[in-house]
Structures are given as structure tokens and as C-alpha cells.
Amino acid sequence: MMQTYADPQLEPYMVLAQEIMRRVYAEESAGDINAWLLAQVQRLGGTGNEKARMTWDESFAYYEEVMAKRAAMAALPDSERKLLTWPWPSWTRLLDPLDPGLLALLSAGDGVGKTMYAENIAEHWARQGMNVVFVHFEVNRALMLDRRTSRHTGIPRSELRLGKLNRQAETDRQRANDQLRQWAGGIMYVHTPGWSM
């Protein structure tokens, strides 16, 4: 069966994703997969210089394409727009939704809650129907899931850690899990302590 894509430029990436999964399920070594993947990314990306320059004349045609895409997006119902908005009204008043290709940087001192802000943003986007990958370098999985449960139930993490929930707390925990599973999107957690940045 041949699969087609609305944007033909996406086809090489879909083929790449399928091949990655095939190699993983074939239990190739992580080193072999990594070497193969780096070669494929270089092949797909070329040298990186091909799209670096835009002439004055090309800029007008490019901007017309940008505006046409924006008009098409504006014509969609709100539920289909897939905007990377912020979970808090105070942020939304000050910051536009995150544009594709941009990087948002949360910067603060150690231990002030950057990861929790990022968790909230990831959950907000998942609730909106996005499929989010959350790569974390230092927080263990149980802590992340405790914090998620606490956010959505109000059960303090100290109680979750003890593992002795009363009937109401256990009911609340299960109800929250059921509600989270209904989100249009989801989060893939990638646990990477010790990995090179």
C-alpha cells in the first residue's frame, strides 16, 4: 500500500521515522542506529547552506506564501488551529503564541521551578491536541508523574510518595488519569540523565 502525504516534502521524514522504528524493533544496537541516523539527517539536510540566502526579490514571494498560510490558518475553526499558546493569561497578554521553528527559553536560578513551568506548558499543548516530546535531564520519572498527579488532583506529593492513599484520594487519582487519557494530544517523556546535551 502506497501512502501519500499532503505535503510531499514530508515524505522523506515519514520514511525516515518508519525506518527508525524498523531498526529499533529489529534490535539493532543503539550505536549502529545512531550512526545511521546521523548520516540520514545529514543527507536530508544537505550542507545547510542551500536555504541560507534569500534575495530581495525572493523575499516578496516568500512573504506572500507566509501570508497565504496565515490566511488559511485564520479560516480554520479554533479547534483546528494548533497554536502553541501559553497556559497562563498573564503570559498570553505579553507573549504571542510560539511560532514554528522558534525556541522558547525558560531561564532562572537552580531550584526555582523551571521544569515545573515546562511541564505545565507541555500539558497545556497536549490538552490542545499537540503531541509533545518532553526531554528531561535530571528529574526522575516517578517525580515527574507524582507532580503531574498532584497538579491534577490536589493530592500533595508527600502523600503520593507514601503510597497510602485513602479511598477518596485514590478515586481522585484514577479520575484524573481517566481525564488525562482523553486529551486530544499527549506527551512522550524522554528520560536522559547522563546523556550528552
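Computed quantities for the displayed model
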{"quantity": "Added length on full extension, which subtracts the Cα-Cα distance from 0.36 nm per residue, Q182 to K69", "calculated": "37.7 nm"}
{"quantity": "Mean ellipticity per residue at 222 nm, deg cm²/dmol - from DSSP H runs of n ≥ 4 across the chain, formula -39500 (n - 2.57)", "calculated": "-17000 deg cm²/dmol"}
{"quantity": "(i) 229; (ii) 146; (iii) 169, with the label sought being that of the calculated volume of the Cα convex hull per residue in Å³", "calculated": "(i)"}
{"quantity": "Proximal charge balance of N177 [Cβ under 15 Å; K/R count +1, D/E count -1]", "calculated": "+2"}
{"quantity": "Most mobile listed residue (E28, E123, E65) in the chain, GNM with C-alpha springs under 10 Å", "calculated": "E28"}
{"quantity": "Table column - 3J(HN,Hα) (Hz), the stretch 79-90, Karplus curve with 6.51, -1.76, 1.60, x for Gly and Pro", "calculated": "5, 9, 6, 6, 8, 8, 7, 9, x, 10, x, 5"}
{"quantity": "Potential extension, S196-A104 segment - 0.36 nm per residue separation minus Cα distance", "calculated": "31.1 nm"}
{"quantity": "Candidate aspartates and glutamates - alpha carbon under 18 Å from K69, same-chain residues fewer than 8 apart omitted", "calculated": "D7, E58, D78, E80, D96, D99"}
{"quantity": "Fluctuation leader among D32, D96, D110 - the chain, Gaussian network, Cα springs under 10 angstrom", "calculated": "D32"}
{"quantity": "Surface share of carbon and sulfur [accessible, 1.4 angstrom probe, percent] for the stretch 113-197", "calculated": "50 percent"}
{"quantity": "For the stretch 22-95, with +1 on Lys and Arg beta carbons and -1 on Asp and Glu, the positive-most of A52, A30, W88 along the dipole", "calculated": "W88"}
{"quantity": "Long-range HN-HN contacts of Y189 with modeled amide H, under 5 Å", "calculated": "F134"}
{"quantity": "Accessible surface, 1.4 Å probe, highest first, among residues L143, L102", "calculated": "L102, L143"}
{"quantity": "Proximal aspartates and glutamates to K114, defined as alpha-carbon separation beneath 19 angstrom and excluding residues fewer than eight positions away on the same chain", "calculated": "E123, E138, D146"}
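The values are calculated or read from the model by the stated rules, or taken from the named source; none is laboratory data. This is a predicted model, so every value here is computed, not measured. Cβ atoms come from the backbone with ideal geometry, glycine included; neighbour counts cover every protein chain shown. Accessible surface is based on the protein model in full, side chains and every heavy atom, while ligands, DNA and RNA are left aside. Shrake-Rupley method; radii C 1.70, N 1.55, O 1.52, S 1.80 Å.
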